[in-house]
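The values are calculated or read from the model by the stated rules, or taken from the named source; none is laboratory data. The structure displayed is predicted, hence computed values, not measured ones. Neighbour counts run over all protein chains shown; Cβ positions are idealised from the backbone, glycine included.
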Amino acid sequence: MSSQDLPQPDYAYNLEIIGHTDQGGRPDGVQLMVNKGFAITGHMFSDGFSVIDVRDPRNPKPVHYEPAAPNTWNIHLQTHEDLMLVINAKNMFAAEEFQDEAEYYSGQIGEKVGTTDASRKRNWKAGMSVYDITNPAEPREIAFMPVEGGGIHRLWYTGGAWAYASVLLDGFTDYIFMTIDISDPTNPMEAGRYWLPGMNAAAGETPDDPSMRGGLHHAIIQGDTAYGAWRDAGMVIMDIADRTNPNLICHKNWSPPYGGGTHNCLPLPDRDLLIVLDEAVLDHAADGIKYIWVFDNREPTNPISIATFPTPDEADYVAKGGHFGPHNLYENRPDGLVSDQIIFSTYQNAGVRVHDISNAHQPKEIAAFVPPEPAQLADKRPNRNKVIQSCDVWVGSDGIVYSNDFNGGLYILEYKG
């Protein structure tokens with residue numbers, strides 16, 4: 001594809017578009033990994049996942065599509081070397097009860113899905129699929145670990161014997177933390193669990209505020225510590241030295257007064273910092289302006305917020321429609337760029353943003369890329385705006401940046417900073 005044929009950004013500096021693909025007519029993407037020159041993305045609305053050959057980033061080519069089971073989504077996945085782990089869960093955004101997305105982001109989702117009532121009929125696949133991706137263009141399923149309930153939302157896996165999941169299980173009000181023994185990839189097994197008090201409905205527990213989404217989005221692991229993003233319950237840091245028995249180190253919540261939705265808690269251990277992102281989840285910033293926070297983590301039992309990233313303001317993004325604000329961080333994947341100075345993130349209708357945090361007290365934006373209006377609307381829900389919703393970002397050590405979108409396909413960018 002020549003430069004003249006590439007989508008022209010609405011706004012950009014220090015990020016130059018070099019490639020684009022609609023992923024074989026499935027332009028919607030959620031979590032994105034790059035493995036051996038292949039981008040693999042889970043789909044929000046097209047179901048399943050796709051593999052795109054990006055060995056030539058200027059000429060990306062879709063090479064494989066793996067459909068999801070009926071009524072199931074595979075929106076999140078993890079790759080490391082020759083293994084890929086893929087979530088299986090109820091397809092929430094195809095379900096009637098979540099056509100108003102505010103219903104998904106509020107209250108006890110276990111009650112809405114039915115996991116607090118194990119007698120409710122299920123018509124989806126719930127658990128974790130394991131694939132051999134020795135050749136990423138031809139993923140081969142080698143195992144499936146079922147779970148009883150709504151399924152798995154997101155995973156963390158960077159090699160070794162352990163994987164980690166957020167899981168909506170029967171008897172619980174929302175997603176909890178699970179450790180998974182994957183020492184034998186053909187036979188993964190649950191090892192341990194942790195949940196906040198109030199989440200175990202089957203044991204008679206009740207949340208302090210049933211109107212809030214107090215559930216784990218996912219945890220990032222550093223050594224024997226798990227940094228959990230617990231949506232409206234903030235940040236939950238766990239000691240996992242004993243993988244069978246995780247224990248609480250610290251629970252911090254700043255909602256209220258802020259709007260909740262904590263989505264990523266990224267440790268930067270060499271600097272004793274945490275980068276913590278609150279996800280914007282409603283149109284026109286109805287849930288408030290959300291922030292990416294910098295925490296001083298020198299005392300692990302009491303991390304302290306010391307700064308926020310600047311909010312994009314070169315356009316009226318609140319009025320633009322769709323979601324405006326942070327969605328996801330690039331999480332320093334071991335096979336990609338690892339940096340504690342430069343942070344890549346997605347801001348939904350404000351595109352991809354890059355920040356310099358060399359001065360942790362004063363993060364500065366140093367690059368941006370806002371894609372144009374998408375060619376089509378992949379989002380099948382009613383009353384959705386036809387706007388870009390940049391979702392995930394993966395960064396190679398060579399400065400090539402991959403970003404996908406709910407509607408706009410895969411953008412391949414070169415960082416010029």
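Criterion first (in a strand (DSSP E or B) and not polar (S, T, N, Q)) does Ala68 satisfy it? It would help to see each step written out before you state the result.
On the way: in a strand (DSSP E or B): no; not polar (S, T, N, Q): yes.
Answer is no for this residue.
Of the residues Val63, Val34, Val51, which is part of a strand (DSSP E or B), under 17 Å from Ile133 (Cβ atoms), aliphatic (A, V, I, L, M) and under 17 Å from the mean Cα position of the chain (by Cα)? Can you show your working first?
Values: Val63 fails: under 17 Å from the mean Cα position of the chain (by Cα); Val51 fails: under 17 Å from the mean Cα position of the chain (by Cα).
Just one listed residue meets the conditions, Val34.
Does region 321-339 contain at least one residue that is aromatic (Phe, Trp, Tyr) and within 23 Å of Phe38 (Cα to Cα)?
In the first step, residues of region 321-339 are kept if they are aromatic (Phe, Trp, Tyr); the result is 324, 330.
Imposing the further condition that a residue be within 23 Å of Phe38 (Cα to Cα) reduces the set to 330.
Yes, region 321-339 contains a residue that is aromatic (Phe, Trp, Tyr) and within 23 Å of Phe38 (Cα to Cα).
Of everything in region 39-72 that's crowded, with 17+ Cβ neighbours inside 10 Å, within 18 Å of Ala94 (Cα to Cα) and polar (S, T, N, Q), which residue is modelled with the highest pLDDT?
Thr72
For region 257-294, what are the residues that are surrounded by 24 or more Cβ atoms within 10 Å (Cβ to Cβ), part of a strand (DSSP E or B), touching a residue at least 60 places away in the same chain (Cβ under 8 Å) and among the aliphatic types (A, V, I, L, M)?
Within region 257-294, Ile275, Leu277, Ile292, Val294 meet the criteria.
Give me the residue from region 359-381 that is part of a strand (DSSP E or B) and not basic (Lys, Arg) and, out of that set, farthest from Ser339 (Cα to Cα).
The first filter runs over region 359-381 and keeps only residues part of a strand (DSSP E or B), leaving 364-370.
Next, only the ones that are not basic (Lys, Arg) stay: 365-370.
On the way: Glu365: 15, Ile366: 15, Ala367: 16, Ala368: 18, Phe369: 20, Val370: 23 Å.
Ranking the candidates gives Val370 first.
Out of Gly29, Gly110, report the one residue that is at pLDDT below 95, surrounded by 20 or more Cβ atoms within 10 Å (Cβ to Cβ) and either of a type outside the set (D, E, K, R) or not in a loop (DSSP other than H, G, I, E, B) (or both). Please lay out each step first, then the result.
On the way: Gly29 fails: at pLDDT below 95.
The unique qualifying residue is Gly110.
Please find, within region 388-411, the residue that is nearest to the chain's Cα centre (by Cα) out of those that are under 21 Å from His76 (Cβ atoms) and of a type in the set (Val, Ile, Thr).
Residues of region 388-411 under 21 Å from His76 (Cβ atoms): 388-396, 401-411.
Now drop any that are not of a type in the set (Val, Ile, Thr), which leaves 388, 393, 395, 401.
Working: Ile388: 17, Val393: 10, Val395: 15, Val401: 16 Å.
Ranking the candidates gives Val393 first.
Which of (1) under 25 Å from Gly417 (Cβ atoms); (2) assigned to a loop (DSSP other than H, G, I, E, B); (3) over 18 Å from the mean Cα position of the chain (by Cα); (4) touching a residue at least 40 places away in the same chain (Cβ under 8 Å) does Asp56 not meet, given it meets every other one?
Among (1) under 25 Å from Gly417 (Cβ atoms); (2) assigned to a loop (DSSP other than H, G, I, E, B); (3) over 18 Å from the mean Cα position of the chain (by Cα); (4) touching a residue at least 40 places away in the same chain (Cβ under 8 Å), Asp56 violates only (4).
For residues in region 208-232 being in a loop (DSSP other than H, G, I, E, B) and in contact with a Pro (Cβ under 9 Å, 6 or more places away or on another chain), which is modelled with the highest pLDDT? Don't jump to the end; show me each part of the working.
If we filter region 208-232 for residues that are in a loop (DSSP other than H, G, I, E, B), which is where we start, we get 208-217, 223-224, 230, 232.
Those still in the list that are in contact with a Pro (Cβ under 9 Å, 6 or more places away or on another chain) too: 208, 214, 223.
Details: Asp208: 86, Gly214: 94, Gly223: 97.
Among those that are in a loop (DSSP other than H, G, I, E, B) and in contact with a Pro (Cβ under 9 Å, 6 or more places away or on another chain), it is Gly223.
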